[in-house]
Amino acid sequence: MINFDEELRKFHPSLEVEDVEDAIYNQDMQDMVDVMLRVTKEGMSGAEGSPAKEKN
Amino acid sequence: MYCYKCGCELTDSDTCPNCGADVRQYKQIIYTSNYLYNQGLEKAGVRDLSGAILCLKQALVYNKDNLDARNLLGLVYFEIGETVAAISEWVISKNLNDSRLHIRHNLAESYLNQVQNDRQVMENISSSIQRYNHALECCYSDNLDVAMLQLRKVISVNPHYLRARQLLSLLLIEQQDWRKAERELQKCLRLDINNTDTLRYLKEVEQRLQQSQEGEPLRKRTAPAKETKKSSGKRGSAGAKAQQQAGVIKYKADNETIIQPVGGGMPGIDGFRIPGWVYGLVIGVIAGAAAVAFLVMPSRVQSVRSAAAEQVRTLSEQVGTQQDQIDSLQSQLGTAASTESTEATTESTEESTESAADVQDALLASANQWVAVTDLSDSADTKALTDSFSALDPSTAKDGQSTAFGTLYDSLYAKLQSPMLERFAWDGINEYESDKPDYETVVTDLEIANRFEDTNNLSMTYVERLWYLGDSYYRVYMAASDEDKAGAYADYLTRARTCLETVTTNYADSEYASKCESRLLDIATNANLTTDSSSAASTAAAAGSASPASSAASSASSTSQGSSTAGSSQTQTGGTAAPAAAANADAAAGQ
């Protein structure tokens with residue numbers, strides 16, 4: 001049995017065209033590669049004491 | 001694939017050939033991202049857009065630089081009506097590509113150009129989003145009718161807006177309008193075949209519909225247009241149930257349950273069935289062709305024919321008019337030609353006549369000139385001249401002749417009058433006095449001589465000739481046969497009487513008067529003067545003409561009585577006046 005109100009809550013207002021800029025800026029752009037690099041970097045800095053950040 | 005440290009292109013080894021960095025884990029992340037992208041691509045191909053979105057998002061979680069996954073994700077968002085999300089992904093993709101060390105061709109740029117450069121598309125997208133948000137607010141405020149109106153408007157502008165269709169379906173479910181809800185949900189399935197919300201709603205609707213199968217026919221549950229065998233298993237229990245009853249209409253009528261196939265179309269051969277719209281199309285084409293052939297074409301043909309007939313009639317009238325003009329012109333031409341030919345002929349005739357008359361006059365003039373300079377009396381051929389001239393009657397010779405002719409005749413008469421008189425007078429006299437006279441010859445000669453007698457100056461032998469002529473007339477008549485007496489010599493007695501009476505009347509004292517009187521007695525005794533009708537006229541004419549001759553003869557006899565010389569009439573005067581009197585005497589003698 002479908003609950004209308006409950007289902008209705010799942011519907012959110014759509015972003016308007018003017019809100020594209022904000023949507024882009026608010027996106028989380030971190031991916032696994034970034035995580036890997038961070039882990040690598042922390043590992044190296046922990047091992048050598050002078051981590052060098054290199055990002056692709 | 002490039003090294004995350006130095007950007008050098010990586011090989012199959014687990015270290016960077018340039019900087020020596022360990023790239024094994026990096027490679028695994030990249031491979032995983034690519035794998036998820038492939039899965040998302042595969043799902044997008046079968047219109048499992050919800051599944052594609054999940055896979056592509058996962059792919060971007062592993063590698064945000066996976067531009068293909070990001071572009072495809074934007075494309076999927078755009079397909080389900082999430083335009084803002086789509087534009088966001090494309091913009092990020094474009095910026096990531098521009099900041100790369102190895103820039104490559106990016107589809108996001110073309111997508112953005114197509115969407116942002118089309119003003120109408122942007123306006124539609126913007127209006128759809130605004131209406132959807134407004135409809136959502138109406139739903140929150142229990143204003144479902146307005147919400148439905150707004151949503152229908154959104155769907156009409158942007159039919160691919162999945163969320164709006166789902167919200168509308170929810171509202172229809174809330175209103176328990178199961179059939180419309182099912183219809184909308186089916187459309188949602190066509191957009192995204194594996195959308196969880198759509199499938200849940202559809203299951204609810206089908207349950208509701210199934211509960212109301214008593215007295216209502218079940219609707220045909222059609223599978224999505226792009227459904228494949230691969231995705232059919234993922235539809236869930238509701239879809240499978242619909243497939244089982246697909247193509248079947250089941251209802252109860254009274255106490256009977258009737259089950260019949262949907263559409264009622266003829267079963268196909270080996271499963272192939274011609275769609276119903278084909279039959280309708282064919283029938284429509286045939287009906288249209290028949291309508292054109294029986295309704296439109298006859299009128300058009302009739303109009304064309306009438307126009308052609310009118311044109312033909314007009315042209316015929318023009319031809320007839322022109323033909324009449326041609327005929328009239330030809331007749332005029334013929335008339336003008338005939339007139340011209342007639343005039344030419346007349347002119348030529350006149351010219352020829354004039355020319356012939358001119359030639360004749362010229363000849364006569366030349367002859368006149370010759371006569372004028374020639375002494376005809378001394379001519380060796382005077383007899384021939386007189387013979388020729390004797391054929392002319394002085395009294396009528398110049399009648400109807402030209403002036404030149406008259407002039408020549410006068411000249412000849414003047415020259416030949418005396419020779420003529422002398423010759424024929426003495427010929428007649430000599431013939432009369434011969435031993436065996438031929439009185440007819442005497443008559444002929446003496447008649448000619450009398451024609452050329454000058455009435456104003458009678459010759460010496462005139463009276464004698466009158467006696468001889470009268471007597472000859474009598475004698476010829478008396479010697480003729482009865483037939484000749486009634487024919488050729490019918491008037492000879494009258495002539496004889498005329499001559500003899502002239503002598504007895506005008507020359508009573510001449511020596512021939514007594515002889516004439518005795519001859520008159522003979523004529524009165526022997527002749528039949530009462531039946532001669534012409535003799536009366538000739539007698540009057542002879543009497544009338546004889547008087548001037550007698551007066552002239554009396555004057556001549558008074559001056560030259562007794563002269564018997566065979567001389568010519570030297571006392572001829574007035575050649576032109578003499579022929580008139582001589583003509584009268586000849587007419588009397590001739591008659």
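The residue that is most open to solvent (accessible area, probe 1.4 Å), among those in the range B:48-107 that are β-branched (Val, Ile, Thr) and in a helix (DSSP H, G or I), is B:Val61.
Checking each residue in the range A:2-17 for being part of a loop (DSSP other than H, G, I, E, B), in contact with a helix residue (DSSP H, G or I) (Cβ under 9 Å, 6 or more places away or on another chain) and either more than 7 Å from chain B (Cβ to nearest Cβ) or within 14 Å of B:Asp142 (Cα to Cα) (or both) picks out A:Lys10, A:His12. Cβ separations smaller than 6 Å between residues 6+ apart or across chains give the following pairs from the range B:1-13 residues that are more than 10 Å from every other protein chain (Cβ to nearest Cβ) and in a loop (DSSP other than H, G, I, E, B) to residues that are modelled with pLDDT of 80 or more and open to solvent by 50 Å² or more (accessible area, probe 1.4 Å): B:Cys8/B:Asn18; B:Leu10/B:Met1; B:Thr11/B:Pro17. Looking at this structure, is B:Leu112 at pLDDT below 95, open to solvent by 80 Å² or more (accessible area, probe 1.4 Å) and either closer than 30 Å to B:Ala69 by Cβ or touching a helix residue (DSSP H, G or I) at 6+ places or on another chain (Cβ under 7 Å) (or both)? So B:Leu112 fails the test. A count restricted to the range A:18-43 and to residues that are within 30 Å of B:Leu171 (Cα to Cα) and either more than 7 Å from chain B (Cβ to nearest Cβ) or among the small types (Gly, Ala, Ser) (or both) stands at 2.
B:Pro17 satisfies every condition listed in (1) assigned to a helix (DSSP H, G or I); (2) more than 30 Å from B:Pro159 (Cα to Cα) except (1). Find the helices (runs of 4 or more DSSP H) located wholly in the range B:396-500 whose residues include 1 or more that are modelled with pLDDT of 90 or more, aromatic (Phe, Trp, Tyr) and open to solvent by less than 30 Å² (accessible area, probe 1.4 Å), and list them. The helices (runs of 4 or more DSSP H) meeting that bar are B:403-432, B:462-479. Scanning the range B:150-202 for residues being of a type outside the set (D, E, K, R), within 22 Å of B:Gln120 (Cα to Cα) and assigned to a helix (DSSP H, G or I) gives a total of 8. Might you let me know whether the range B:134-152 holds any residue that is within 9 Å of chain A (Cβ to nearest Cβ) and of a type in the set (A, V, I, L, M, F, W, C)? Scanning the range B:134-152 turns up at least one residue that is within 9 Å of chain A (Cβ to nearest Cβ) and of a type in the set (A, V, I, L, M, F, W, C).
The values are calculated or read from the model by the stated rules, or taken from the named source; none is laboratory data. Not measured: the values here are computed from a predicted model. Reconstructed Cβ throughout: ideal geometry from the backbone, glycine too, with neighbour counts over all protein chains shown. Note: accessible area is taken over every heavy atom of the protein model, side chains too, but ligands, DNA and RNA are not part of it. Shrake-Rupley method; radii C 1.70, N 1.55, O 1.52, S 1.80 Å.
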